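Report on the structure given below.
The values are calculated or read from the model by the stated rules, or taken from the named source; none is laboratory data. Predicted model, so just to flag it, every value in this text is computed and none were measured. Note: ideal-geometry Cβ built from the backbone for every residue, glycine included; neighbour counts use all protein chains shown.
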Amino acid sequence: MEDSMPAKDKTLDDLFIDTLRDIYYAERKILKALPKMQRAAQSEKLAAAFEHHRDETETHIERLQQVFELVGKAARGKTCDAIEGIIAEGEEIMEDFKGSPALDAGLISAAQAVEHYEITRYGTLRRWATELGMKEAAQLFGETLSEESATDGKLTKLAESSVNAAAH
Ligand code: FE
Ligand code: FE
């Protein structure tokens, strides 16, 4: 098992698998967090955006499972402290701003932190997949990366067009 491998013998392949497990863990946490954010959102448009992205997140998980299959490894996550922290901060906002006009602006800021985390992970994984000659995996990461970026853009638009103004 690569976990017991001496650190000095590890290569990009090992880093790739570790990072794949990290984002797999993160995506499954995000899948559970999005319905809570949807229910908390005051703006209907924001709630709909969270619902839509929840569906996309299911697809992200499926794509990761495809990559695990491509590399012949069981799909399993590795605790991702970063997403735990980002989601905990989001929950804090939901708690601290409950019922306030600033809640939705806070939810968007929390959601964008999640998307940016995913964007950095998928950007790295796509590049490493290319380096390792895994064309199909690179393609799958690229598809998810586009959806994460589109979500980030949609959230910015929602903030700028209505949510921030309603938060004053
Ligand atoms: Fe995702
Ligand atoms: Fe996402």
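Things to note:
- Residue match in region 6-18 (condition: within 16 Å of ligand 2 (Cβ to nearest atom) and crowded, with 18+ Cβ neighbours inside 10 Å): no
- Residue match in region 27-35 (condition: under 25 Å from LYS154 (Cβ atoms), touching a residue at least 12 places away in the same chain (Cβ under 8 Å) and in contact with a Cys (Cβ under 9 Å, 6 or more places away or on another chain)): yes
- GLN38 within 16 Å of ligand 1 (Cβ to nearest atom), touching a residue at least 60 places away in the same chain (Cβ under 8 Å) and assigned to a helix (DSSP H, G or I): no
- Of the numbered criteria (1) touching a helix residue (DSSP H, G or I) at 6+ places or on another chain (Cβ under 8 Å); (2) under 24 Å from SER43 (Cα atoms); (3) acidic (Asp, Glu), the one GLU131 fails is (2).
- Condition check for THR151: polar (S, T, N, Q), surrounded by fewer than 16 Cβ atoms within 10 Å (Cβ to Cβ) and either at pLDDT 95 or above or within 16 Å of ligand 2 (Cβ to nearest atom) (or both): no
- Listed by first and then second residue, the pairs linking a residue in region 55-77 that is within 16 Å of ligand 2 (Cβ to nearest atom) to a residue that is not in a helix (DSSP H, G or I), with Cβ atoms under 9 Å apart and 6 or more places separating them unless they lie on different chains, are ILE61/ALA75; LEU64/ALA75.
- Flag: ILE83 matches the condition of being in contact with a Lys or Arg (Cβ under 6 Å, 6 or more places away or on another chain), surrounded by 15 or more Cβ atoms within 10 Å (Cβ to Cβ) and closer than 30 Å to ALA166 by Cα.
- Residues (surrounded by fewer than 23 Cβ atoms within 10 Å (Cβ to Cβ), within 20 Å of VAL67 (Cα to Cα) and among the hydroxyl-bearing types (Ser, Thr, Tyr)) located in region 100-132: TYR117, THR120, THR124, THR130
- Selection of helices (runs of 4 or more DSSP H) fully inside region 43-131 by the criterion of at least 1 residues being at pLDDT below 95 returns nothing.
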